[in-house]
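The structure under discussion appears below in the form of structure tokens.
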Amino acid sequence: MNNLEILVLALALDAVFGEPESLWRRIPHPVKLMGDAIKFLDARFNNNTRANGVGVILVLISGAAALGFFIQILPDFGLFEVLLTAVLIAQRSLTGHVSDVAEALDQSLEKGKAAVAMIVGRDTSAMDETAVARGAIESAAENFSDGVIAPAFWFLLFGLPGILVYKLVNTADSMIGYKSEKYLQFGMAAARLDDLLNLIPARLSALLICAATLSSKAWDIMQQDANQHRSPNAGWPESAMAGALDISLAGPRSYDGKLSEDLYVNHYGRRVLNAADIRGAVSILWRAWAVFGLSIIVLAFIF
């Protein structure tokens, strides 16, 4: 099987089965193994120098690429590649976690805050209903790029080595890519490389949202506001989602007790949000996923 055919099967497997929790109770998830490796090297080599951070990332991505090449040459007719790629693509898991926030918010604000705390890194204690919904929708848009389109993109280009290296870097960025005293220098390589690897997938994700909704507003807001976001990449799918739903996203939010001064994306969009808006975002993600999947199927037939 070629990469296109493998990806079609992996997207279908993930969409139908999602994360087999019973399996991960018996064996560690690949991303957990990546996290364990990052923790080990962080503890051993983090002296908060840029050189050590670069060295650690080079070791990690070399190991991930070598593992990917080894699995690819196994005489398994592509079975391991399909299964591992399906595990590393997270559409079903992403939409499930975001939908959980909507269901919890329907029950009570406190349950909504508890649910959204599982998927965002900001303070949730003082959130109102709008802030909970906004956090869930922003997480949905950003992670559609990070968790679905980016791993699929790098698999298409480089097979298992590509997707394993991407997931390793993305995991490292989430663990050590902070601008804190401890990680400012050591985590810089992980953060910069993650930005680079997400450069194209983030913009592709935004285009898929625009195509899935046939929304000129999504296109306009994406072009107008994507670069206003604090992230060089997250602003693209978030601005497209904001335009598609005609809501305001981003804006000031609390981190570690401090209110940020982030600008709103789609400044004049609706700002009072609720669980229905979260469900609207989930629906858009599935439509964008379908557009992407159909595109891969067409390419598989052509090539």
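The values are calculated or read from the model by the stated rules, or taken from the named source; none is laboratory data. As the structure is a prediction and not an experimental result, all values here were calculated from the model. We place every Cβ from the backbone using ideal geometry, glycine too, and count neighbours over all the protein chains shown.
I'd like the residue in region 211-240 that is closer than 14 Å to residue 289 by Cβ and not small (Gly, Ala, Ser) and, out of all such residues, is farthest from the chain's Cα centre (by Cα).
213
Go through (1) touching a helix residue (DSSP H, G or I) at 6+ places or on another chain (Cβ under 7 Å); (2) surrounded by fewer than 23 Cβ atoms within 10 Å (Cβ to Cβ); (3) farther than 30 Å from residue 72 by Cα one by one and return the number of the condition residue 222 breaks.
So the condition that residue 222 fails would be (2).
Those residues that are among the aromatic types (Phe, Trp, Tyr), part of a helix (DSSP H, G or I) and touching a residue at least 24 places away in the same chain (Cβ under 8 Å), I need them from region 276-303; list them, please.
The answer is 286, 289, 292.
Which of (1) out of contact with any helix residue (DSSP H, G or I) (no Cβ under 9 Å at 6 or more places or on another chain); (2) in contact (Cβ under 8 Å) with a residue 24 or more places away in the chain; (3) closer than 27 Å to residue 3 by Cβ; (4) of a type outside the set (Val, Ile, Thr) does residue 47 not meet, given it meets every other one?
(3)
For region 161-177, give me the residue count where each residue is more than 14 Å from residue 31 (Cα to Cα) and either of a type in the set (A, V, I, L, M) or surrounded by fewer than 17 Cβ atoms within 10 Å (Cβ to Cβ) (or both).
So the count comes out to 1.
Out of the helices (runs of 4 or more DSSP H) lying entirely within region 56-149, which hold 2 or more residues that are at pLDDT 95 or above, among the polar types (S, T, N, Q) and more than 26 Å from residue 36 (Cα to Cα)?
Because the criterion is at least 2 residues that are at pLDDT 95 or above, among the polar types (S, T, N, Q) and more than 26 Å from residue 36 (Cα to Cα), the helices (runs of 4 or more DSSP H) in region 56-149 that meet it are 91-107.
Checking the conditions here, which among 101, 54, 120 is closer than 30 Å to residue 159 by Cβ and surrounded by 14 or more Cβ atoms within 10 Å (Cβ to Cβ)?
The unique qualifying residue is 54.
Please name all residue pairs, on different chains or six or more residues apart, with Cβ atoms under 7 Å, provided the first residue is in region 98-112 and is within 23 Å of residue 147 (Cα to Cα) and the second residue is assigned to a helix (DSSP H, G or I) and among the polar types (S, T, N, Q).
The qualifying pairs are 98/139.
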